[in-house]
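Undergrad: Submitted below is the structure of interest, expressed as structure tokens.
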Amino acid sequence: MKKGPIGIFDSGYGGLTVMKEIVSTMPEYDYIYLGDNARTPYGTRSFETIYEYTLECVKFLFDQGCHLVILACNTASAKALRTIQQRDLPGIDPDRRILGVIRPTAEMIGKISKSGHVGVLGTSGTIQSDSYVIEIEKQTPGIAVYQHACPMWVPLVENGEYEGDGADYFIQKDLNAILNQSEKVDTLLLGCTHYPLLLSKIQQFLPKHIQIISQGKVVADSLKDYLSRHPEMVEKCSIGGTQTFLTTDSTTNFDQHAVHFFGSEVRSRFVHI
Ligand code: DGL
């Protein structure tokens, strides 16, 4: 058995907000990030397409030597994770693991809300799947979950318009849409790894008593906990402190944008999936 890096996947740049927290929590491991920028966004696509794209990317990361892959994308976690885990993984290699971002987030959000009324914002794919409603209710029975899809938020972020005036219109519109569902919502989850880039604008338009949860730190802590409970997986993860960035589209664009998500300069490599 050859040790390998931990794979982190997203349809685009969003997963870098998760990777940043993972690296800061566990800098010792080697990591490979794969952004499927050529085919982003996933959030507005059909189940079949999201599943097919995600499976291709997971297989690619396995081919790079990863034994553990994190789907740092809510849309892929909601629409493809379970099918890949149950249907594909046993045939590919039952000893490899794929983890998503929905479960760890759902586990935590119910514990944080005092009113028992939480809001979830995500892509159309994530919201239509009802994955958060199902998972949050499983973890915290009786909690009320309100959801709203924000299909324009990922394109705003991917196109570097997250600080522009155009973003204000959509952020206000979508925040109103979720808050109008209940006055009792006291916790709002950003259920898409792209949304932390919009945080300062969201805070600007959100009533002060509502707390906002981004996923990066939650997922990083949950991965650390997973590894502490799975020494057999730790054995398979290489320690070298390296970070490799791969994109299916322009490396120039990736390097320019990625710094805003990851917080430091990156140098990516093009890959064809
Ligand atoms: N970052 C992905 C997520 O967390 C969505 C981006 C997309 O629509 O491709 O859901």
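Undergrad: When the residues of the stretch 37-53 are narrowed to those that are out of contact with any Cys (no Cβ under 8 Å at 6 or more places or on another chain) and hydroxyl-bearing (Ser, Thr, Tyr), which ends up nearest to the ligand (Cβ to nearest atom)? Give the derivation first.
TA: To start, the set of residues in the stretch 37-53 that are out of contact with any Cys (no Cβ under 8 Å at 6 or more places or on another chain) comprises 37-41, 44-53.
Applying the additional criterion that residues be hydroxyl-bearing (Ser, Thr, Tyr) yields 40, 44, 46, 49, 51, 53.
Working: THR40: 5, THR44: 7, SER46: 13, THR49: 11, TYR51: 14, TYR53: 9 Å.
Step by step, filter the stretch 37-53, then rank; the result is THR40.
Undergrad: Search the stretch 38-50 for residues that are touching a residue at least 40 places away in the same chain (Cβ under 8 Å) and pair each with any residue that is crowded, with 23+ Cβ neighbours inside 10 Å and hydrophobic (A, V, I, L, M, F, W, C) when their beta-carbon atoms are under 6 Å apart and the residues are at least 6 apart or on different chains.
TA: PRO41/VAL154; TYR42/ILE50; GLY43/VAL154; ILE50/ALA80
Undergrad: Something else now. So which pairs qualify, if the first residue must be in the stretch 63-78 and hydrophobic (A, V, I, L, M, F, W, C), the second must be within 9 Å of the ligand (Cβ to nearest atom) and assigned to a strand (DSSP E or B), the Cβ gap must be under 6 Å, and the two must be at least 6 apart or on different chains?
TA: Sorted first by the residue in the stretch 63-78, then by its partner, the pairs are ALA72/ASP10; CYS73/ASP10.
Undergrad: Still on this structure, I have one more. Can you pull out every residue in the stretch 1-36 that is within 16 Å of the ligand (Cβ to nearest atom), over 10 Å from the mean Cα position of the chain (by Cα) and assigned to a helix (DSSP H, G or I)?
TA: Answer for the stretch 1-36, where residues must be within 16 Å of the ligand (Cβ to nearest atom), over 10 Å from the mean Cα position of the chain (by Cα) and assigned to a helix (DSSP H, G or I): LYS20, GLU21, ILE22.
Undergrad: Does the stretch 72-81 contain at least one residue that is surrounded by fewer than 24 Cβ atoms within 10 Å (Cβ to Cβ), under 15 Å from the mean Cα position of the chain (by Cα) and assigned to a helix (DSSP H, G or I)?
TA: Yes, because at least one residue in the stretch 72-81 is surrounded by fewer than 24 Cβ atoms within 10 Å (Cβ to Cβ), under 15 Å from the mean Cα position of the chain (by Cα) and assigned to a helix (DSSP H, G or I).
Undergrad: Spot the failing condition for GLY43; the list is (1) buried (at least 19 other Cβ atoms within 10 Å of the Cβ); (2) modelled with pLDDT of 95 or more; (3) of a type outside the set (A, V, I, L, M), and only one is missed.
TA: The one condition GLY43 does not meet is (2).
Undergrad: For the stretch 253-273, name all the residues that are part of a helix (DSSP H, G or I) and among the charged types (D, E, K, R).
TA: ASP255
Undergrad: So which residues in the stretch 149-177 are in contact with a strand residue (DSSP E or B) (Cβ under 9 Å, 6 or more places away or on another chain) and either surrounded by fewer than 20 Cβ atoms within 10 Å (Cβ to Cβ) or closer than 14 Å to LEU198 by Cα (or both), if there are any at all? Spell out how you get there, then give the answer.
TA: Filtering the stretch 149-177 down to residues in contact with a strand residue (DSSP E or B) (Cβ under 9 Å, 6 or more places away or on another chain) leaves 149-150, 153, 174-175, 177.
Within the stretch 149-177, CYS150, TRP153, ASP174, LEU175, ALA177 qualify.
Undergrad: Please state which one of ILE70, ILE102, ILE109 is at pLDDT below 95, within 15 Å of GLY216 (Cβ to Cβ) and among the β-branched types (Val, Ile, Thr). First the steps, then the outcome.
TA: Numbers: ILE70 fails: at pLDDT below 95; ILE102 fails: at pLDDT below 95.
From the options ILE70, ILE102, ILE109, the qualifying one is ILE109.
Undergrad: Is it true that some residue in the stretch 205-228 is over 24 Å from ARG97 (Cα atoms), in contact with a His (Cβ under 8 Å, 6 or more places away or on another chain) and in contact (Cβ under 8 Å) with a residue 60 or more places away in the chain?
TA: Checked the stretch 205-228: no residue is over 24 Å from ARG97 (Cα atoms), in contact with a His (Cβ under 8 Å, 6 or more places away or on another chain) and in contact (Cβ under 8 Å) with a residue 60 or more places away in the chain.
Undergrad: In the stretch 194-211, what residues are part of a loop (DSSP other than H, G, I, E, B) and within 16 Å of the ligand (Cβ to nearest atom)?
TA: Scanning the stretch 194-211 gives a single hit, HIS194.
Undergrad: Also: Please verify whether the stretch 2-15 includes one or more residues that are modelled with pLDDT of 95 or more, among the hydrophobic types (A, V, I, L, M, F, W, C) and surrounded by fewer than 24 Cβ atoms within 10 Å (Cβ to Cβ).
TA: no
Undergrad: Please find, among ARG96, ARG87, the residue that is of a type in the set (D, E, K, R), surrounded by fewer than 20 Cβ atoms within 10 Å (Cβ to Cβ) and out of contact with any strand residue (DSSP E or B) (no Cβ under 8 Å at 6 or more places or on another chain).
TA: Testing whether each residue is of a type in the set (D, E, K, R), surrounded by fewer than 20 Cβ atoms within 10 Å (Cβ to Cβ) and out of contact with any strand residue (DSSP E or B) (no Cβ under 8 Å at 6 or more places or on another chain) leaves just ARG87.
The values are calculated or read from the model by the stated rules, or taken from the named source; none is laboratory data. Nothing here was measured: the structure is a model prediction, and the numbers come from that model. FYI the Cβ positions are ideal-geometry reconstructions off the backbone, even for glycines, and counts take in every protein chain you see.
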